[in-house]
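> Quick one: the structure is below, and I'll ask about it shortly.
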Amino acid sequence: MKILLSLLLLLPVLAPAPAAAAEGSGGFCLFELPDDGTGKRKLINLTIVQYVEIGKDEFKIVYGGGALGSGYEAKVPLAKPEDADALLARMRKTAADCHS
């Protein structure tokens, strides 16, 4: 239920903005993922996120595919459940900033 609620909360801010509101953006909204220890910065385009799955120890973002379940995924390990809420809030803020 929490996963579905999270997805429903993200949909309004992840949907592409109208052409007038997104001048020059081309539907490009970068979000930096937390460091995974590789020393490389990883950013995803929030406008192509399909869904977010929140588990007790992992936050998964599925993006870039044409059909549900296809495409790519980014997995972020969670130290505690509250980390998922903070990451989701940061994603929502970034998406809202891209479309304001």
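The values are calculated or read from the model by the stated rules, or taken from the named source; none is laboratory data. Keep in mind that what you see is a predicted model, and the values were worked out from it rather than measured. For neighbour counting, all protein chains shown are included, and Cβ atoms are generated from backbone atoms with ideal geometry for every residue, glycine included.
> Are any of the residues in segment 37-45 closer than 13 Å to A95 by Cβ and at pLDDT 90 or above?
Checking segment 37-45: at least one residue is closer than 13 Å to A95 by Cβ and at pLDDT 90 or above.
Table: residues versus (1) among the charged types (D, E, K, R); (2) under 14 Å from T47 (Cβ atoms).
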site: G65; (1), (2): no, yes
site: S70; (1), (2): no, no
site: E73; (1), (2): yes, no
site: V76; (1), (2): no, no
site: A79; (1), (2): no, no
site: D85; (1), (2): yes, no
site: L88; (1), (2): no, no
site: K93; (1), (2): yes, no
site: H99; (1), (2): no, yes
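This table checks each residue for (1) β-branched (V, I, T); (2) under 11 Å from the mean Cα position of the chain (by Cα); (3) modelled with pLDDT of 95 or more; (4) surrounded by 12 or more Cβ atoms within 10 Å (Cβ to Cβ).
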| residue | (1), (2), (3), (4) |
| --- | --- |
| Y63 | no, yes, no, yes |
| G66 | no, no, no, no |
| S70 | no, no, no, no |
| E73 | no, yes, no, yes |
| E82 | no, no, no, no |
| R90 | no, yes, yes, yes |
